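Peer 1: Here it is, the structure, as structure tokens.
The values are calculated or read from the model by the stated rules, or taken from the named source; none is laboratory data. Note that the coordinates shown come from a computational prediction; the quantities given were computed from them, not determined experimentally. Glycine also receives a Cβ, built like all others from the backbone with ideal geometry; neighbour counts cover every protein chain displayed.
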Amino acid sequence: MVHTTCPYCGVGCGIVAGPDGRGGASIEGDKEHPANRGRLCSKGAALGETLSLEDRLLYPEIDGRRVSWDTALDKVASGLREIIAKHGPDAVAFYVSGQLLTEDYYAANKLIKGFLGTANIDTNSRLCMASSVAGHKRAFGSDTVPGRYEDFEQADLVVLVGSNLAWCHPVLFQRLEAAKRERPQMKVVVIDPRRTETCDIADLHLALAPGSDVALFNALLVELKRRGVVASDFVEGHTNGLDAALAAAIGNVDVCDLPLGDVAIFFDWFCTTEKTVTLYSQGVNQSSAGTDKVNAILNCHLLTGRIGRLGTGPFSITGQPNAMGGREVGALSNTLAAHMDFALADVERVGRFWKSPRMASKPGLKAVDLFEAVGRGEIKAIWIMATNPVASLPNADAVRAALQSCELSIVSEAIRASDTVDACRVRLPALAWAEKDGTVTSSERSISRQRPFLPPPGEARQDWWILSQVARRLGHSAAFGWNGVADIFREHAALSAFENNGVRDFDIGEQAVIDDDAYEALQPFTWGKSRFFSDGAFYHPDRRARFVATPARAPLNAPDTERPLRLNTGRMRDQWHTMTRTGKSVRLAGHRAEPTVEMNPGDAATRGLQNGDIAEVASSWGRAALRVQLSDAMRPGEIFVPMHWTAQVSRAGRINGAVNPAVDPVSGQPELKHTPVDTMRIDVQWHGTILARRPIMLPDIAYWTRIKGSGFDAYLLAGEEPLAAARQKLSAAIRATNPGPWLDGEAGVGTVIGDGVLEAAMILGETRDETARDRLTPFMAMGRLTVEQRNVLLHGGDAADRGGEICACFGVSTASVTAAIAGGATSLDGVGAATKAGANCGSCRPEIRALLRAARTRQAA
Ligand SMILES: Nc1nc2c(c(=O)[nH]1)N[C@H]1C(S)=C(S)[C@@H](COP(=O)(O)OP(=O)(O)OC[C@H]3O[C@@H](n4cnc5c(=O)[nH]c(N)nc54)[C@H](O)[C@@H]3O)O[C@H]1N2
Ligand SMILES: Nc1nc2c(c(=O)[nH]1)N[C@H]1C(S)=C(S)[C@@H](COP(=O)(O)OP(=O)(O)OC[C@H]3O[C@@H](n4cnc5c(=O)[nH]c(N)nc54)[C@H](O)[C@@H]3O)O[C@H]1N2
Ligand code: SF4
Ligand SMILES: [Mo]
């Protein structure tokens, strides 16, 4: 059994993995780990299904041809050397990720900032928590997350701003839910334009107008002051700038478009509840006013002195498993290692510690600008590690074009099939989660080990090794002479303490002397004080915190008559980012199978759209083709599209082609939650479903998406050509890779049955047949079909509508849960006893509760 940490979200759950000796492993929550005490969410629980070597990049490639490591590393090193010699260090760049381990992350930063001489390294954390980093620095003088998870459990008021905790940090959500059950006086407020699953436990949901958070928190600040809810000693003794912040805060809360009664309730609770935690995430950060949103929230906590004490504080929750580790190694283009930045003394200090020959002396380009510079040919070499920018950056078509035109595009990846790998010339195979070795830091500053439990496959190597091999080829053998991750960890720890003397919050100097065995056995520990700032010791030179004046302003690109809708984007419960890993799991494919556009029924009606139609979402930057899903959880005028679908798994579900590249002026974080768009019907003539054991090269059709089944792929499709023509094209495409005779049945069914076994099946029709996939799936699991089975397949039979999967752990459909409720189950436990749904990871409990509630409402009516 190996103790390690989940590779997905920033909660940082501990996992116990038991390798089975055949490339797989059992996965369980670690009962000893402080973050989760044995719990796992649906994604964590399904990790065992993501371990196969299918789709892995296992050998280095240049221009699509396999090469040796020596050839690949020589190519990277000589390419970087020549470009720097000709055009200077700023002509090269790295783009890295909060999914690197701290040791890998440290190595990347050291190489480019200390030895290549440029700070043109940015991380996908620019898209994730750059606004929080900037807001913290403005207020505290350091990028410090003051609190702990325990604070949510101990608070009497928890305000969730722009966070869909139920889906994005499910284990923390469960902890919060349990705490609220134990202390029902605890209140939860959700501030989000959408009604999300997180609202399930909310006492109040403020569905504010998108982008209007600053106005709301400004009004709260004024109200707190008016009612005298002020920690006067704290404010006088430890802060500056209140008057200016108050002056800027005066404004109108009307822009939030909220019922004034609800605003009054929220303000009243905030004014009267000492133990208040405000947790915030991408609805705050990913905004052209992201940094101001952060400071508007921090202002309210500073005024009330609610910071750094049990059950109080602002809490920026991080998304990626090692977003915090990235902050510690200074991976943003405007930060330096160990929570330093580009002040001259810092640059000299880090240079001295690294014995650096050419230290970068100024900040580099931020992600959006960086890729624009690649596009203009100013950056001639870019090395991408552990992130998929062709799918995840805004204005993503321009990102792809930039990479395709770049002289030297390098990608280190674990997966072969990604939109970014497709666009890069040099491809370096990286180890994946189960094979990697190092540390990560969770949202609450807890450092945990990720330990390998499977052998390295093919020729894949860990990122730090790849980086140090390139560094050695560039003549830096001494500085990159590490023998393993423990060497790097000790160096990183030593730098955090180097000439620190309490000036920098991040100091893990005591770890610099641990030996390899102690590193191997390292238990999760939290760095710094248990809680920061109750003593008022901030990190500005005068040790005082700052109130920041945050005048409210409208989002940068406003809707107009041509693009009247606002496009909001974000996450689904069971997929992780660009699906390179969660997309491998059959049970995670059940929850949401397709790239959807969620919209209010009114907006749909004015556009002639109905549930299940195919629609185009178009902005000035690009377009996507998506399945329409009507939802009264959406405000009128706003649509929501998940960020997960890529060109690998869909015709045009990659929404970031359409997302605007506007950024926050302070943090450079893109406005991913707000793009003016319009949506219109694509006039499809047919809808279809295909299940096939072997991959199909699809012809050009208006809409398709591919999802995992067990032992096959499922395709959901729709097209503009006449049905008969589509039938012909598609059956030919299926037969090209799936051998056997074609057999037509009734009701649009066509099959390939080779040697009695179903190889592929297709159902096409003029209208959408939502249950087709569920009807066909059982036949793929059968061996040779009996005559009876073949008859049911071709001529119809049991056609139960399962209504999509609700519980990923036990594969329980919505229909089964509804049946259990109709059969008398009145509670979560009742549904669990009848169907097992919700009895394992619990991620689906908000959805089950919604069905229970709906049933109760129906009964009452
Ligand atoms: N299942 C799953 N979990 C994940 C991830 C994943 O890919 N899948 N990714 C991880 C990562 S890296 C991250 S960063 C986190 C993100 O976690 P979250 O930030 O919780 O997730 P998002 O869905 O991006 O956005 C949160 C909410 O912001 C709302 N929002 C949009 N505009 C506004 C606004 O103007 N004001 C307010 N107040 N709210 C607004 C959206 O409607 C959305 O519900 O999730 C982490 N966890
Ligand atoms: N529209 C829209 N866009 C968004 C967001 C949004 O809310 N809306 N959210 C943004 C946010 S918060 C984030 S964090 C980003 C995430 O966006 P990305 O970082 O692009 O998403 P991932 O799919 O997690 O990409 C990680 C890649 O690293 C690979 N990988 C995994 N482990 C390793 C490793 O150890 N080494 C190497 N070299 N590769 C590895 C994986 O296979 C995968 O391809 O998306 C951002 N983009
Ligand atoms: S909440 Fe889920 S995704 Fe996040 S760390 Fe825990 S198990 Fe992993
Ligand atoms: Mo993120």
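Peer 1: Would you kindly identify the helices (runs of 4 or more DSSP H) lying entirely within the range 355-473 that contain at least 2 residues that are at pLDDT 95 or above, surrounded by fewer than 24 Cβ atoms within 10 Å (Cβ to Cβ) and more than 13 Å from ligand 2 (Cβ to nearest atom)?
Peer 2: Result: 367-375, 396-405, 463-473.
Peer 1: With the range 10-109 as the region, which strands (runs of 3 or more DSSP E) entirely inside it contain at least 1 residues that are free of Cβ contacts under 8 Å to residues at least 24 places away in the same chain and under 22 Å from the mean Cα position of the chain (by Cα)?
Peer 2: Result: 25-29.
Peer 1: Working only within the range 123-169, note down all residues that are within 16 Å of ligand 3 (Cβ to nearest atom), closer than 18 Å to Gln286 by Cβ and part of a helix (DSSP H, G or I).
Peer 2: Leu165, Trp167, Cys168
Peer 1: What number goes with the only condition from (1) out of contact with any helix residue (DSSP H, G or I) (no Cβ under 6 Å at 6 or more places or on another chain); (2) more than 18 Å from Asp769 (Cβ to Cβ); (3) in a loop (DSSP other than H, G, I, E, B); (4) among the aliphatic types (A, V, I, L, M) that Val684 does not pass?
Peer 2: With (1) out of contact with any helix residue (DSSP H, G or I) (no Cβ under 6 Å at 6 or more places or on another chain); (2) more than 18 Å from Asp769 (Cβ to Cβ); (3) in a loop (DSSP other than H, G, I, E, B); (4) among the aliphatic types (A, V, I, L, M) applied to Val684, the lone miss is (2).
Peer 1: Just one of the numbered conditions (1) under 23 Å from Ala386 (Cα atoms); (2) surrounded by 23 or more Cβ atoms within 10 Å (Cβ to Cβ) is not true of Ala604; which one?
Peer 2: Among (1) under 23 Å from Ala386 (Cα atoms); (2) surrounded by 23 or more Cβ atoms within 10 Å (Cβ to Cβ), the lone unmet condition for Ala604 is (1).
Peer 1: From the list Glu616, Glu671, Glu594, pick out the single residue that is under 24 Å from Glu562 (Cβ atoms), surrounded by fewer than 22 Cβ atoms within 10 Å (Cβ to Cβ) and modelled with pLDDT of 95 or more.
Peer 2: Result: Glu616 is the single residue among Glu616, Glu671, Glu594 that is under 24 Å from Glu562 (Cβ atoms), surrounded by fewer than 22 Cβ atoms within 10 Å (Cβ to Cβ) and modelled with pLDDT of 95 or more.
Peer 1: Looking only at the range 493-501, decide whether some residue is crowded, with 18+ Cβ neighbours inside 10 Å, over 30 Å from the mean Cα position of the chain (by Cα) and part of a loop (DSSP other than H, G, I, E, B).
Peer 2: Yes; the residues of the range 493-501 include at least one that is crowded, with 18+ Cβ neighbours inside 10 Å, over 30 Å from the mean Cα position of the chain (by Cα) and part of a loop (DSSP other than H, G, I, E, B).
Peer 1: Which one of these is more than 16 Å from ligand 1 (Cβ to nearest atom), in contact (Cβ under 8 Å) with a residue 24 or more places away in the chain and either farther than 18 Å from Asp151 by Cβ or out of contact with any Cys (no Cβ under 6 Å at 6 or more places or on another chain) (or both): Leu260, Leu279, Leu303?
Peer 2: None of the others qualify; the one that does is Leu303.
Peer 1: Looking only at the range 724-766, count every residue that is loosely packed, with under 15 Cβ neighbours inside 10 Å, at pLDDT 95 or above and farther than 18 Å from Asp700 by Cβ and tell me the total.
Peer 2: 1
Peer 1: Let me ask another. With Thr580, Thr561 as the choices, which residue is in contact with a strand residue (DSSP E or B) (Cβ under 8 Å, 6 or more places away or on another chain), assigned to a loop (DSSP other than H, G, I, E, B) and among the hydroxyl-bearing types (Ser, Thr, Tyr)?
Peer 2: Exactly one residue qualifies, and that residue is Thr580.
Peer 1: If you go through the range 502-511 one residue at a time, how many are within 32 Å of the chain's Cα centre (by Cα) and farther than 20 Å from Val145 by Cα?
Peer 2: Count: 1.
Peer 1: Say whether the condition of being among the small types (Gly, Ala, Ser) and under 30 Å from Asp200 (Cα atoms) is met by at least one residue in the range 748-762.
Peer 2: No; the residues of the range 748-762 include none that is among the small types (Gly, Ala, Ser) and under 30 Å from Asp200 (Cα atoms).
Peer 1: What do you reckon, is Cys841 within 16 Å of ligand 3 (Cβ to nearest atom), surrounded by fewer than 22 Cβ atoms within 10 Å (Cβ to Cβ), farther than 17 Å from Gly745 by Cα and modelled with pLDDT under 90?
Peer 2: Here the answer is no, as Cys841 does not meet what is asked.
Peer 1: Within the range 55-67, does at least one residue satisfy the condition of being within 13 Å of ligand 3 (Cβ to nearest atom), of a type outside the set (Val, Ile, Thr) and surrounded by 24 or more Cβ atoms within 10 Å (Cβ to Cβ)?
Peer 2: So far as the range 55-67 goes, no, none of its residues is within 13 Å of ligand 3 (Cβ to nearest atom), of a type outside the set (Val, Ile, Thr) and surrounded by 24 or more Cβ atoms within 10 Å (Cβ to Cβ).
Peer 1: Please identify the pairs in which a residue from the range 828-854 that is closer than 18 Å to Lys43 by Cα and within 16 Å of ligand 1 (Cβ to nearest atom) has its Cβ atom under 7 Å from the Cβ atom of a residue that is of a type in the set (A, V, I, L, M) and part of a helix (DSSP H, G or I), counting only partners at least 6 apart or on another chain.
Peer 2: Cys841/Ala45; Arg845/Leu828; Pro846/Ala166
Peer 1: Here's something else I'd like to know. So, in the range 118-132, exactly how many residues are within 11 Å of ligand 1 (Cβ to nearest atom) and either over 15 Å from Leu672 (Cβ atoms) or not aliphatic (A, V, I, L, M) (or both)?
Peer 2: The qualifying residues number 4.
Peer 1: Out of Leu556, Leu567, report the one residue that is part of a loop (DSSP other than H, G, I, E, B), hydrophobic (A, V, I, L, M, F, W, C) and within 23 Å of Pro389 (Cα to Cα).
Peer 2: Of the residues listed, the single one that is part of a loop (DSSP other than H, G, I, E, B), hydrophobic (A, V, I, L, M, F, W, C) and within 23 Å of Pro389 (Cα to Cα) is Leu556.
Peer 1: Checking the conditions here, which among Gly14, Gly18, Gly48, Gly44 is more than 16 Å from ligand 1 (Cβ to nearest atom), closer than 22 Å to Ala589 by Cα and of a type outside the set (S, T, N, Q)?
Peer 2: After ruling out the rest, the residue left standing is Gly48.
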